[in-house]
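Here's the structure, in structure tokens; my notes come after.
Just so it is clear, none of the values below were taken in a lab; they were calculated from the coordinates. If you're wondering where the values come from, they're calculated on a predicted model, not measured in any experiment. For neighbour counting, all protein chains shown are included, and Cβ atoms are generated from backbone atoms with ideal geometry for every residue, glycine included.
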Protein chains: 2
Amino acid sequence: MSRVAPTLEDVARVAGVSRATVSRVVNGTRNVDPELQETVRNAIEQTGYTPNRVARSLVTRRTGTVALVISGAGGGSDVFSDPFFGRVTAGVVDFLRGHGVHPVLMLADSDHARTEVVEFLRQGSADGALLVSTHPADPLPSRLLEAGVPSVLYARPGRPMPIGYVDMDHRAGGRLAADHLVAAGRYNIATISGPMDVLASQDRHAGFRDAMARHGFPYVPTVEGGFTAESGAAAMHRLLTECPDLDAVFAANDLMAQAAVDVLLEHGLRVPEDVAVVGFDDSAPALACRPQLTTIRQPVERMAAQMADLLLADLEKPGQRPKSVIFEPELVVRASA
Amino acid sequence: MSRVAPTLEDVARVAGVSRATVSRVVNGTRNVDPELQETVRNAIEQTGYTPNRVARSLVTRRTGTVALVISGAGGGSDVFSDPFFGRVTAGVVDFLRGHGVHPVLMLADSDHARTEVVEFLRQGSADGALLVSTHPADPLPSRLLEAGVPSVLYARPGRPMPIGYVDMDHRAGGRLAADHLVAAGRYNIATISGPMDVLASQDRHAGFRDAMARHGFPYVPTVEGGFTAESGAAAMHRLLTECPDLDAVFAANDLMAQAAVDVLLEHGLRVPEDVAVVGFDDSAPALACRPQLTTIRQPVERMAAQMADLLLADLEKPGQRPKSVIFEPELVVRASA
DNA sequence: TTGATGTGTGGGAGCGCTCTTACAACGTTG
DNA sequence: CAACGTTGTAAGAGCGCTCCCACACATCAA
């Protein structure tokens, strides 16, 4: 039980060979007499040997772990109540496990926490960072860059910097929503945007407004939300008092869209008969909502996996130019619009 | 940027002292001349030194990380769509970060993956394991125990073993639900249980049935669900055909309860006027549901934090008798019952 | 004075591993 | 038959750190 773990040395002694030979068998196995290999394997079996990862890391300078950093301005422990982060985590974990790499979860919601993250990486506790940073003013990306930590972002950085990222064409997503609502014959269309200090929100909104303008609706009543259900409900209330005769709403994420639907129903309005609602993300609330949400799909899991893929590639052969991948949104038509 | 990181040796040279002294300053700082301390601190500043965690771990035999293992039978990457795991993660992360410990996330949904988890821990890549294992037949707890890995479970193990855990009094939760429905004057009460091969489900159901029997309802129509929305909807349909005149349903989690509410509404039944619904967990769907769910609260975040606390305590002074903590459920009355 | 005790510092071993180097044994070639 | 690869193995340095031990020096009781 609490006996000390056998080392390479122990295995070597049992097998009657040198440490080096055992190491070769354990790893690449290049140029080792097959017979000896067998002997060594038996010795490993017999001693119950397991290589010590830490010792290996010390010399290889690789830990086999990456940091998955959630750098929300919002922060706090309630980030995980947003289905978004669960999806990111799922995508990352799912990809990494096939590559023998493990994610360590970190929250960077304060300056102190951010420093800790940078230190953690600089100390070599992880080989690189997967950064989910929503706020464009977040100093973390540039700090990681400075520290020379291999990193990939989810969402393009606030200002241009040589760092890879995955992102989605949020503008195209906004356009998709506008096109769908207009094509459905709606003409009193309002929108609940995401927080305007988030690039994704800006883009979704810009895309939506552009398309609306092109369709002949230069002005779109807009209320800014905060990506939460509460903010969505509040926004819907305001929209209802400001434009009582609206017949369609585009909400910048599903959480807000669902809340908006609830508010509309409470007001005795039918969805989609009286008011059509389009959400964004295609996450769990879109399906749980009654009626189910017509929404713009963001392939979060695939994007997260891609992000991990980019990081591993950078780790594999460092010094390449940072690569980025942009995903296309997709309209998912359900019942709400 | 890609210059090699400074080591203790470098700092020592700059400060004109020995490696050992610098180490003392960096760590416990016991018995070092204040003046020298200052010199060393300056040297650290000047060199931009950061201790190498891996090297430290090699000698201390501590990594400062723990594994957070989700050992679902269900498994797959969709575990994170269940709000439960997000809450566990939030609770764990929130507690650990205050202690300089970082969780590495692992999924153990196959035998292969389980072996990998055990190896990972045996290799000393993490100091201990936080195991969220729902299936009582899960071999992981005993395998970790055998391997001598400090571990704490979420939920009591399938068969008794010397391992700490946190859990909730699920029977009491079931009773709370029954009491509430009976007190509300319902007398055609059915239930959608969780998967019966999960102890928590068994207990919730047993508690519910016991209380019902004590209230004079020895027979309770029951359909087994799978803790997912789909299974909840299917179960509600069956219940509706088997007992068309039911006036209350207790669902073993909120996800199923929400789905049940949807099905009831689709059938033209009013909630709670015609049918009262009680859920379990008090997670996000309980609030998103219309009407909002009356439910039994499981303090997942607190339980997860407690689990982490128990593990750290075990790591701190090993060899103590494993401790466990049981939490009490709480009835949360909202609109659905 | 002498020993006992305590404090601050340096030297050096050693954690378990990988990887370079050296070397032995064996062909193969001109 | 000397010169030269080729292949398989051992030896040993070294990754960056902690911690034990030795030692110099100061302090204090006997």
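Shape of region B:282-331 from the C-alpha gyration tensor: prolate (a/c of 1.5 or more and a/b above b/c, with a ≥ b ≥ c the square roots of its eigenvalues). With the contact rule set at Cα under 8 Å and sequence spacing of 6 or more, what percent relative contact order holds for chain B? Relative contact order, chain B: 16 percent. Within a straight-line Cα-Cα reach of under 18 Å, B:K317 can be paired with the following aspartates and glutamates, leaving aside sequence neighbours fewer than 8 residues apart in one chain: B:D127, B:D309.
Placing +1 on each Lys and Arg Cβ and -1 on each Asp and Glu Cβ, with no other charges, gives the protein assembly as shown a dipole about its Cα centre of roughly 2220 debye. Less than 5 angstrom separates the built amide H of A:N52 from none of the residues sequence-distant by 5 or more or on a different chain.
Label points for A:A137 are taken 7 Å from Cα along Cα→Cβ. From this copy to the others they lie 5.6 nm apart, shortest first. Distance between the pseudo-spin-label points of A:N42 and A:E9 (7 Å out from Cα toward the beta carbon): 2.5 nm.
When the chymotrypsin sites (Phe, Trp or Tyr not before Pro) in region A:171-240 are filtered for DSSP coil states and for at most 13 other beta-carbon atoms within 10 Å of their beta-carbon, the remaining sites are A:Y187, A:Y219.
Each residue, B:A20 and A:L265, gets one label point 7 Å from its Cα in the Cβ direction; the gap between the two is 7.3 nm. Each copy carries a label point for A:R61 at 7 Å from Cα along the beta-carbon vector; from one copy to the others these points are 3.0 nm apart, nearest first. Dipole check for region A:170-297: with +1 at the C-beta of Lys and Arg, -1 at the C-beta of Asp and Glu, and the Cα centre as origin, the magnitude is about 340 Debye. Going by neighbour counts of Cβ atoms within 10 Å, the residues B:S324, A:S231 line up, fewest first, as B:S324, A:S231.
Mind putting a number on the dipole of chain A about its Cα centre? Charges go on the C-beta only, +1 for Lys and Arg and -1 for Asp and Glu, and I need it in Debye to the nearest 20. Please report the intermediate quantities before stating the final value.
On the way: 32 positive and 40 negative charges, 251 e Å.
Using Cβ point charges on Lys, Arg, Asp and Glu, chain A gives about 1200 debye.
Shape analysis of chain B places it in the prolate category; the axes a ≥ b ≥ c from the Cα gyration tensor give an a/c of at least 1.5, with a/b above b/c. Report, in whole Å, the centroid distance computed from the Cα atoms of region A:251-328 and region A:190-243. With region A:251-328 and region A:190-243 each reduced to a Cα centre, they are spaced 15 Å. Ordered by the count of other Cβ atoms within 10 Å of each Cβ, fewest first, A:T89, A:T21 give A:T21, A:T89. Once you have a ≥ b ≥ c as the square roots of the Cα gyration tensor eigenvalues for the protein assembly as shown, tell me rounded if a/c is under 1.5, and otherwise prolate or oblate according to whether a/b is larger than b/c. Oblate is the answer for the protein assembly as shown, as a/c is 1.5 or above yet b/c matches or exceeds a/b. Shortest first, A:T47 label-point distances to identical copies amount to 3.4 nm, with the label point at 7 Å from Cα along Cα→Cβ.
Counting Lys +1, Arg +1, Asp -1, Glu -1, what net charge surrounds B:V166 among other residues with beta carbon under 11 Å of its beta carbon?
Net charge in that neighbourhood comes out at +1.
In chain B, taking the dipole from charged Cβ atoms about the Cα centre, the farthest positive-side position among B:Y187, B:V66, B:S231 is held by B:V66.
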